[in-house]
1. Using Cα pairs under 8 angstrom and six or more residues apart, how large is the relative contact order of the chain, in percent?
2. For the pair residue 39/residue 82, report the inter-label distance in nm, with labels modelled 7 Å from Cα in the Cβ direction.
3. Given labels modelled 7 Å from the Cα in the Cβ direction, how far is it in nm from residue 57 to residue 7?
4. On the Cα set of segment 5-72, report Rg and Dmax in Å, please.
5. At 222 nm, what helix-only mean residue ellipticity would the chain give, in deg cm²/dmol to the nearest 500, using -39500 (n - 2.57) for each DSSP H run of four or more?
6. Fewest first, what order do 74, 51, 46 take by the number of other Cβ atoms within 10 Å?
7. Quick one: order 27, 41 by neighbouring beta-carbon count within 10 Å, fewest to most.
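Each value in this text was obtained by applying a stated rule to the coordinates, not by laboratory testing. Computed from a prediction, not measured in an experiment: that's the story for all the values here. Here the Cβ positions follow ideal geometry from the backbone for every residue, glycine too, while neighbour counts run over all protein chains shown.
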């Protein structure tokens, strides 16, 4: 992924609506994602993890002009930790 910060929109916990991390998922938080995807301004949306807000998730926008040029330097399978209790 590009290291240029212009490709990303970074949101902090303070930027997110109340209940963004609620279960079941918040429609307000989902609307933020919809706006990000439709705008196609940024390749990635960097947001706090709902499980561990100190960690970050990057949501890639397949509508962005640079999406097909994106490559990943580390690829590994993801397995849910049993402590997360599905």
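1. The normalised contact order for the chain reaches 28 percent.
2. Simple spin-label model gives 4.2 nm for this pair.
3. 2.1
4. So, for segment 5-72, Rg and Dmax equal 12.3, 35 Å respectively.
5. Taken over the chain, the calculation gives -5000 deg cm²/dmol.
6. If I rank by nearby Cβ atoms, fewest first, I get 74, 51, 46.
7. 27, 41
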